[in-house]
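Notes to accompany the following structure.
The values are calculated or read from the model by the stated rules, or taken from the named source; none is laboratory data. No experiment lies behind these values; they were computed from the predicted model shown. FYI the Cβ positions are ideal-geometry reconstructions off the backbone, even for glycines, and counts take in every protein chain you see.
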Protein chains: 2
Amino acid sequence: MRGMENASLAALMTPAALVDLERVEANLQRVSRYTREHGLRWRPHTKTHKTAELTALQLAAGAVGATVATPREAEVMATVTPDILFAYPPVGAARLAKLLSLPARTKLTVALDSPESLAALSRAAGQAGRDIGVLVELDLGMRRVGVETPEQAVALARAIQTSPALTWRGVIFYPGHVRAPLHQQAEAVREQNTRLGAFLEALARAQLKPEVVSGGSTPMLWRSHEVKGLTEIRPGINVLNDRNTASIGACAWDDCAFSVLATVVSTAVPGQVVIDAGSKALAKEEGLAPEGGYGALLDRPDIVVRNVSEEHGLLDVSAMSWRPRVGDLVRVVPNHVCASVNLHERLHVLRGGTVTDTWAVAARGW
Amino acid sequence: MRGMENASLAALMTPAALVDLERVEANLQRVSRYTREHGLRWRPHTKTHKTAELTALQLAAGAVGATVATPREAEVMATVTPDILFAYPPVGAARLAKLLSLPARTKLTVALDSPESLAALSRAAGQAGRDIGVLVELDLGMRRVGVETPEQAVALARAIQTSPALTWRGVIFYPGHVRAPLHQQAEAVREQNTRLGAFLEALARAQLKPEVVSGGSTPMLWRSHEVKGLTEIRPGINVLNDRNTASIGACAWDDCAFSVLATVVSTAVPGQVVIDAGSKALAKEEGLAPEGGYGALLDRPDIVVRNVSEEHGLLDVSAMSWRPRVGDLVRVVPNHVCASVNLHERLHVLRGGTVTDTWAVAARGW
């Protein structure tokens, strides 16, 4: 494999998570340019990388703050930005307590979809002496969280307005059900506009003017400007990308900035190469690539990790002439970068193909 | 849910990994009795729980030492046992260096299947001034690692015997491809006996007498005594069990000692309940249960985690009358306990339904 003679890679214990900094920078510039061009605020979801250092790079490239899903992510990202969106229902005493003990300088906004979570948040924020911004979570078709009807959205926004210690700021949604290739998303955009439009019209009729309309995901990133009324997007994966994202054309293969360095540990079974990156390094997530498998080699995406057990990844090489030796190194791009990063304690940062830094994946856990 | 009013559970940040100590003890007694009855040595694979405390309980119940797959697991388990089996190819300079820096008192045995890994291990052990026991890894049909033919096994055992700093101790295999229900394993046992028999006969003909014949897995655990020549078994999952293991009848549902405590965070979509245990708490591993999904509720296994995203688990309750409220707690038994434990920093230990201790999952990573 190209570049695999690199001494700084050969010294690493494998499996090891690698981040290619030049590719990260190119990915950041691309989204930064796109959001500036279209007047969208960019608030990346930091669950993808869970590292303060990558959030800092995103902020330096123009991000307005961080999106998080867990209190731990909020704590870690609050060390580099004063502007945190907690895009997860604020339910449970421990979750609320940890959220409300963020530094006083942190401007915290929370998404919610129920009167129960609203009441608990208002009570806890009041006791903590904080003012918290609140967004009403809308379901635009994913059917995971979010209110289903415009009437519910209006009622919840009004209830927020009259809740102590809270300020209604707008609405939020996540089009996570859209996984179609980029060029087939016209229908998804139309549906999003229809559903979002109904919510926004009902709010307008009720004299409720959202300051924030927050949406966006990596698969639909480059069509965000076609969604009417949107003020902000929250792509996560885009900074690192992965095999799924490349499979649907939302990035090029060469935009993949994350890979797992692995060692060939066995070639005992003919036609097969076993590497030391399995489900505990790559994650065992079925992917969107038509070829199946759990990842593919960075330098040869036609070579697929066909199966994984916990510490083994199996490459089927029966149909090709490539035969690595025990001890050789390879780099694997996993199907789903968020799931893979979450399995690693640290990211080894490459510049010019050499390890120049190590970042803690500090926001793992809750 | 029964027992969910428990104050010590309500205080936990969710999702939280729980271990029911009474069930652990019953699971340990069962395997301890079985292995004593059949004269098998019991060397549990500690990759399942990655905690020194659970290894200590296994040793107290009669385990002869620990099986590990990573240097980190070896380091952690070496704090509680002097007898470590590294059941993974010892390939790569960093892996070898970490292995060979285990305490001098640690009796280390290593499994391998190639002349390349043998040469590297011999060289490194010699430099470190250690004597390492070596097992030849056999493939009995899983087709992952392990030599394929009796001739290869004989050649490798002989090569080990003449390698400096190494002692040949026997053979090892893993029947991880057998996932059939316990009562349908007669054919698998027959196949294992045929294949293992061929290896053992070839070794005997070559005057090579293995002191150790190490096999066993949780799915085939209770048929281990039917495998001729076996001296030792290495079940991992059995101490905690999971939904897959119950699905194939290798444990009862009430033997499941591990669960993930989760909070209901949204009921906004009719017929659906969203909990805060998703793929980052349960692992997104397809299971063996005919009902599908990624886990089931401990107290109501008919309620299945139908889908997961990173921090959300979706329970489909459309066909039942059960309707929990936002803020309620549930406990989920995941499909694959090893993958779920690996996502948690700590295990909360329950005795009599109350949290009495917290154990670090200290052996995560490599």
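General remarks:
- On inspection, A:Lys228 fails the criterion of being basic (Lys, Arg), outside the structural domain of A:Arg41 (by TED's automatic domain parsing) and at pLDDT 95 or above.
- Filter pass, A:Arg105 being part of a loop (DSSP other than H, G, I, E, B) and in the same structural domain as A:Ala56 (by TED's automatic domain parsing): yes
- Given (1) surrounded by fewer than 24 Cβ atoms within 10 Å (Cβ to Cβ); (2) facing another protein chain (nearest Cβ under 7 Å), index of the condition A:Ser279 fails: (1)
- All positions within the range B:201-242 that are closer than 20 Å to B:Val145 by Cα, in contact with a Lys or Arg (Cβ under 8 Å, 6 or more places away or on another chain) and either among the hydrophobic types (A, V, I, L, M, F, W, C) or part of a loop (DSSP other than H, G, I, E, B) (or both): B:Leu203, B:Pro210, B:Val212, B:Gly216, B:Ser217, B:Pro219, B:Ile233, B:Arg234, B:Gly236
- If the condition is being part of a loop (DSSP other than H, G, I, E, B) and on the phi < 0 side of the Ramachandran plot, then the range B:87-102 contributes B:Ala87, B:Tyr88, B:Pro89, B:Pro90, B:Val91, B:Ser101, B:Leu102.
- Pairs, first surrounded by fewer than 18 Cβ atoms within 10 Å (Cβ to Cβ) in the range B:192-203, second among the basic types (Lys, Arg), C-beta under 7 Å, six or more apart: B:Asn193/B:Lys228; B:Gly197/B:Lys228
- Identity of the residue in the range B:286-307, within 14 Å of chain A (Cβ to nearest Cβ) and crowded, with 24+ Cβ neighbours inside 10 Å, that ends up farthest from A:Val147 (Cα to Cα): B:Tyr294
- Of all the residues in the range A:307-363, those that are in contact with an Asp or Glu (Cβ under 9 Å, 6 or more places away or on another chain) and at pLDDT below 95 number 3.
- Qualifying residue in the range A:323-330 (condition: of a type in the set (Val, Ile, Thr) and more than 8 Å from chain B (Cβ to nearest Cβ)): yes
- Residues that are among the small types (Gly, Ala, Ser) and touching a strand residue (DSSP E or B) at 6+ places or on another chain (Cβ under 9 Å) within the range A:127-155 comprise A:Gly133, A:Gly146, A:Ala153, A:Ala155, listed in sequence order.
- Here A:Trp253 clears all of (1) in the same structural domain as A:Ala111 (by TED's automatic domain parsing); (2) surrounded by fewer than 19 Cβ atoms within 10 Å (Cβ to Cβ); (3) not β-branched (Val, Ile, Thr) except the condition numbered (1).
- Elements of the type strands (runs of 3 or more DSSP E) sitting completely within the range A:280-366 and holding at least 3 residues that are out of contact with any Cys (no Cβ under 8 Å at 6 or more places or on another chain), more than 30 Å from A:Ala268 (Cβ to Cβ) and in contact (Cβ under 8 Å) with a residue 24 or more places away in the chain: these cover A:346-351, A:354-360.
- Test: residue in the range A:154-168 that is modelled with pLDDT under 95 and outside any loop (DSSP other than H, G, I, E, B): no
- Qualifying positions in the range A:100-118 - within 13 Å of chain B (Cβ to nearest Cβ) and either buried (at least 18 other Cβ atoms within 10 Å of the Cβ) or hydrophobic (A, V, I, L, M, F, W, C) (or both): A:Val110, A:Ala111, A:Leu112, A:Asp113, A:Ser114, A:Glu116, A:Ser117, A:Leu118
- Scanning the range A:256-276 for residues that are closer than 12 Å to A:Asn335 by Cβ and either within 14 Å of another protein chain (Cβ to nearest Cβ) or surrounded by fewer than 24 Cβ atoms within 10 Å (Cβ to Cβ) (or both) gives a single hit, A:Val260.
- Unmet criterion (only one of (1) in a loop (DSSP other than H, G, I, E, B); (2) without any contact (Cβ under 8 Å) to a residue 40 or more places away in the chain; (3) closer than 21 Å to B:Arg123 by Cα) for B:Ala63: (3)
- Qualifying residue in the range A:120-132 (condition: closer than 23 Å to A:Val337 by Cα and either polar (S, T, N, Q) or not in a helix (DSSP H, G or I) (or both)): no
- Among (1) surrounded by 24 or more Cβ atoms within 10 Å (Cβ to Cβ); (2) over 26 Å from B:Pro175 (Cβ atoms), the one test that B:Ala93 misses: (1)
- Selection count where residues are within 12 Å of another protein chain (Cβ to nearest Cβ), over 13 Å from A:Lys280 (Cα atoms) and among the charged types (D, E, K, R), scope the range A:331-366: 2
- Once the range A:35-51 is narrowed to residues that are in a helix (DSSP H, G or I) and over 14 Å from the mean Cα position of the chain (by Cα), the residue that is nearest to A:Asp254 (Cα to Cα) is A:Thr35.
- Lone unmet requirement of (1) outside any strand (DSSP E or B); (2) touching a helix residue (DSSP H, G or I) at 6+ places or on another chain (Cβ under 6 Å) for A:Ile84: (1)
- Taken together, A:Ser32, A:Ser8 contain a single residue that is among the hydroxyl-bearing types (Ser, Thr, Tyr), surrounded by fewer than 24 Cβ atoms within 10 Å (Cβ to Cβ) and under 17 Å from the mean Cα position of the chain (by Cα), which is A:Ser32.
- From the list B:Ala97, B:Ala124, B:Ala128, the lone residue that is farther than 19 Å from A:Ile275 by Cβ, more than 25 Å from the chain's Cα centre (by Cα), among the aliphatic types (A, V, I, L, M) and within 14 Å of another protein chain (Cβ to nearest Cβ) is B:Ala124.
- Selected residue (only one of A:Val264, A:Val273, A:Val260, A:Val269 is of a type outside the set (D, E, K, R) and at pLDDT below 95): A:Val269
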